[in-house]
Amino acid sequence: MARSSLFGKMLPVLTDLPLQGRLDARNGKKLPPGVDGTSPARLQGAAYAGTPAGSEQKEPVMRKVIFMMQVSLDGFFEGPEQDLSWHLVDDELHRHFNDELRTMGAFLDGRVSYELMADFWPTADQDPSNPAPMVEFAGIWRDMPKIVYSRTLTSAGWNTEVVHDVVAEDVARLKDQPGGDLALGGADLAASFRRLGLIDEYRIYVHPVLIGRGSALFRETDAVTPLRLLESRTFGNGVVLLRYSVEPDAGHAEDR
């Protein structure tokens, strides 16, 4: 059941549209004038929530980049040789993941995380032995617009756009677009986003287990990033959700 862990590393299908067109079409939005959505580097405009025609324009509501990851109590997101057997993803926790992720506007993953997901989830709903929450998530993952950050991939399936580098200005333009928040998965990719000050919220799922060794969730850095606790929740299997926002005056979490 290791692959059923949604963040171990991390509507009809609208494949005839480029990524931003799919993001906006999925959320019932039209692209702002002059935006063709061919790549994150060309995304422009901002979403203004609840502004009736002819009224004073409100401040833009930006989408958030939300880093979601499962971790052992001693700080590892995977054991040796990518072992995830210690993940305690029961039906309750899986339904929670489904409820959170179906509202997202896109999934952002590194190559390793993306390939792990793509190797299992596209056909997971065809296995009658899989429980209902897994079957449900297969559809969520398959149909969700995705960006995979990779310097080696040239193309990817399942509503996925390949982007070669994390560029702060491109991510900022992506956040300016209408739609749901952006779910970030993968420790290496998160380190790049954190270094550029691009993560708005952390949702860390702490499993009640000490695995002793493996891959650390957070990379070593001299940066200090102040956080504010938004929510804590304990699930029946003992997993604890710790949800934090980055303090707005924290600035870029760069090495000092």
(Q) Could you give each residue of the stretch 225-233 its phi-based ³J(HN,Hα) in whole Hz, using Karplus coefficients 6.51, -1.76, 1.60 with θ = phi - 60°, and x for Gly or Pro? (A) 10, x, 10, 10, 5, 9, 6, 9, 8
Q) Taking R0 as 35 Å, what's the FRET efficiency between ALA168 and SER129 from their Cβ-Cβ distance, rounded to 0.05? A) 0.20
Q: Report THR234's accessible area, 1.4 Å probe, all protein chains in place, as a number in Å² to the nearest 10.
A: 100
Q | Label point at LEU210 placed 7 Å out along Cα→Cβ; residues across the stretch 61-85 whose backbone nitrogen lies under 18 Å | A | 71-80
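The values are calculated or read from the model by the stated rules, or taken from the named source; none is laboratory data. Note that the structure is a prediction, hence the values are computed from the model and not measured. Glycine gets a Cβ as well: all are built from the backbone with ideal geometry, and neighbour counts include every protein chain shown. Protein only, heavy atoms only, side chains kept; ligands, DNA and RNA dropped before computing areas. Shrake-Rupley method; radii C 1.70, N 1.55, O 1.52, S 1.80 Å.
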